[in-house]
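A.B. asks: Structure incoming, see below.
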Amino acid sequence: MNTTVEIAGVKFKNPVMTASGTFGSGMEYSDFVDLNKLGAVVTKGVANVPWPGNSVPRVAEVYGGMLNAIGLQNPGIDVFVERDLEFLKKYDTKVIVNVCGKSVEDYLEVVERLGDEKRVDMLEINVSCPNVKEGAIAFGQNKDALFDITEKIKKVAKQPIIMKLSPNVTSISEMARAAEAAGADAISLINTITGMKIDIYKRKFALANKTGGMSGPAIKPVAVRMVYEASHAVDIPVIGMGGIANAEDAIEFIMAGATAVAVGAMNFHDPYTTEKVVDGIEEYMKKYDVKDINDIRKIV
Ligand SMILES: Cc1cc2nc3c(=O)[nH]c(=O)nc-3n(C[C@H](O)[C@H](O)[C@H](O)COP(=O)(O)O)c2cc1C
């Protein structure tokens, strides 16, 4: 039985990854989850300098998921390299570093800094966070801006790059094609869908930021549709995510066209979700006689 998948020459032991921002940088979950079992650890977003994030409250529960407006709080690249990347050196899993920034220069600084870090297998460029005021989302909602930043990052990156796309667009196929045309090695989607919650008793927004990103099982059908459309629009591999709660969900994304999948908000509900998805995919393969996970990709 083959569970390995390949993206831009990087070989993953299985297609299961963590979705950025929902698993710390690995260390935070390592008491619960055997990181060696995962296809890859995708770290939380890291910028050139520390970011404090948005004011609280910045998470809210909603039916079928959650809203967040963390605002990409992170310790900055120096602490990340010394503490988080160092920690990941003892594990046999691939490491994908999620990169955020407010300007093209911010992104380039982080990408260049990570260039000689052998522990970094790939870079995931977050151009789709709906919760930061400047930069970020602007690159992810305009195909020319997406093309431009992708091309610039690709010129300096030493590792293969994954452009993380926003679902808050009219045509996901058009955005996927722009990333591919600019040289992206892969794309990942979906990031969160912009939402809002109002506390009718306090007569206030549930989040200080007013709006937040919706994630969790409720967004899965939207994500599956977008992964299907994007993966049929381009030839580069797609990493699918959005509401994955179990192996059946993961397999649905693979059948829609994803080469790999990532588990996000469900890590907060059950910290063992990633491992359960890895085991569940193997059980499915045995039960339904799937010899190679790659055989069921794009099967519909
Ligand atoms: C609390 C939280 C923090 C997140 N932080 C990041 C981040 O730093 N970078 C990023 O690209 N995506 C971030 N995301 C988006 C997730 O990686 C994922 O794309 C999205 O939540 C959809 O998947 P899910 O429904 O399985 O959570 C975050 C999501 C949540 C819930």
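The values are calculated or read from the model by the stated rules, or taken from the named source; none is laboratory data. Since we're looking at a predicted model, the values are computed, not measured. Note: ideal-geometry Cβ built from the backbone for every residue, glycine included; neighbour counts use all protein chains shown. What goes into the accessible areas is simple: the full protein's heavy atoms, side chains included, and nothing from ligands, DNA or RNA. Shrake-Rupley method; radii C 1.70, N 1.55, O 1.52, S 1.80 Å.
A.B. asks: Antiparallel versus total DSSP beta bridges in region 189-285: what percent is that, nearest 5? Mind showing how you got there, number by number?
C.D. replies: Details: 6 of 10 bridges.
For region 189-285, the DSSP antiparallel bridge percentage is about 60.
A.B. asks: How do 279-292, 5-18 rank on mean C-beta neighbours within 10 Å, highest first?
C.D. replies: Details: 279-292: 13.7, 5-18: 20.6.
Packing proxy ranking, top to bottom: 5-18, 279-292.
A.B. asks: Also, I was wondering about something else. Calculate, in nm to one decimal, what Asn2 and Phe268 gain on full extension: separation in residues at 0.36 nm each, minus their alpha carbon distance.
C.D. replies: Full-extension gain reported as 92.8 nm.
A.B. asks: Need the full-extension length gain, Phe87 to Tyr288, defined as separation in residues times 0.36 nm minus the C-alpha distance. One decimal, nm. Before the final figure, lay out the partial values.
C.D. replies: Details: separation 201, 0.36 × 201 = 72.36 nm, distance 3.79 nm.
Extra length available between Phe87 and Tyr288 comes to 68.6 nm.
A.B. asks: What ³J(HN,Hα) values, in whole Hz, does the Karplus curve 6.51 cos²θ - 1.76 cosθ + 1.60 give for region 237-253 when θ = phi - 60°, with x put for Gly and Pro?
C.D. replies: Coupling constants for region 237-253: x, 10, 9, x, 7, x, x, 5, 10, 7, 5, 4, 4, 4, 5, 4, 5 Hz.
A.B. asks: So which aspartates and glutamates can Lys143 reach, going by Cα to Cα under 18 Å and dropping same-chain residues fewer than 8 places off?
C.D. replies: Glu124, Glu134, Glu151, Glu174, Glu180, Asp185, Glu229, Asp235
A.B. asks: Just the number, please: carbon plus sulfur as a percent of the accessible area of region 184-300, 1.4 Å probe, no ligands or DNA/RNA counted.
C.D. replies: Working: 2870 of 5340 Å².
Summing carbon and sulfur atoms, their accessible area is 54 percent of the total for region 184-300.
A.B. asks: Accessible area per residue, 1.4 Å probe, Å², for region 199-243: what's the number?
C.D. replies: Details: 2210 Å² over 45 residues.
Accessible surface, normalised per residue, equals 49 Å².
A.B. asks: Then there's this: How would you rank 186-197, 261-272, highest first, on the average number of other Cβ atoms within 10 Å across their residues?
C.D. replies: Numbers: 186-197: 24.4, 261-272: 21.9.
Per-residue mean Cβ counts within 10 Å order the peptides as 186-197, 261-272.
A.B. asks: For the chain, what mean projected area does the convex hull of the alpha carbons give, in nm²? Mind dumping the intermediate values first?
C.D. replies: Details: hull surface 57.2 nm².
Mean projected area of the Cα convex hull: 14.3 nm².
A.B. asks: Right, something else. Among DSSP beta bridges lying fully in the chain, give the percent that are antiparallel, nearest 5. Could you put the intermediate results ahead of the total?
C.D. replies: On the way: 17 of 43 bridges.
Beta bridges within the chain, antiparallel portion: roughly 40 percent.
A.B. asks: What is region 17-148's relative contact order, in percent, from Cα pairs under 8 angstrom and six or more apart in sequence? Don't skip to the end; give the middle numbers.
C.D. replies: Values: 220 pairs, mean separation 30.9, N = 132.
Taking the mean separation of contacting Cα pairs over the length of region 17-148, I get 23 percent.
A.B. asks: If you take every DSSP beta bridge whose two residues both sit in region 112-248, what share of them, in percent to the nearest 5, is antiparallel? All intermediate terms of the calculation are to be shown ahead of the outcome.
C.D. replies: On the way: 6 of 16 bridges.
Rounded to the nearest five, the antiparallel share is 40 percent.
A.B. asks: At q = 0.23 Å⁻¹, what log₁₀ I(q)/I(0) does region 168-228 have when each alpha carbon counts as one equal point scatterer in the Debye sum?
C.D. replies: These q points yield log10 I(q)/I(0) values of -0.96.
A.B. asks: In addition: Hey, which of these cross-link pairs are over 20 Å Cα-Cα: Lys13/Lys37; Lys11/Lys118; Lys102/Lys220; Lys13/Lys286; Lys152/Lys298?
C.D. replies: Working: Lys13/Lys37 8 Å; Lys11/Lys118 15 Å; Lys102/Lys220 28 Å; Lys13/Lys286 17 Å; Lys152/Lys298 31 Å.
Checking Cα-Cα distances, Lys102/Lys220; Lys152/Lys298 exceed 20 Å.
A.B. asks: May I have the extent of the alpha carbons of region 179-300 along their three principal axes, as whole Å values ordered from largest to smallest?
C.D. replies: 55, 37, 21
A.B. asks: Suppose a student asked you for the relative contact order of region 231-282, using Cα pairs under 8 Å spaced at least 6 residues apart; what percent would you report? It would help to have the intermediate numbers written out before the result.
C.D. replies: Numbers: 69 pairs, mean separation 20.9, N = 52.
Relative contact order here is 40 percent.
A.B. asks: In nm, what is the difference between 0.36 nm times the number of residues separating Ser55 and Lys202 and their Cα-Cα distance? Walk me through the intermediate numbers first.
C.D. replies: Numbers: separation 147, 0.36 × 147 = 52.92 nm, distance 1.77 nm.
So the extension gain works out to 51.1 nm.
A.B. asks: Let me check against my output: what whole-number percent is the relative contact order of the chain, with C-alpha pairs under 8 Å and at least 6 apart?
C.D. replies: 20
A.B. asks: A further question on this structure: Give the accessible surface of region 34-134 per residue, rounded to a whole number of Å², with probe radius 1.4 Å and ligands, DNA and RNA excluded.
C.D. replies: That works out to 41 Å² per residue.
A.B. asks: In sequence order, what are the phi-derived ³J(HN,Hα) couplings for region 289-295 according to the Karplus relation 6.51 cos²θ - 1.76 cosθ + 1.60 with θ = phi - 60°, rounded to whole Hz, with x for glycine and proline?
C.D. replies: Per-residue couplings from phi come out as 6, 9, 7, 9, 4, 5, 6 Hz.
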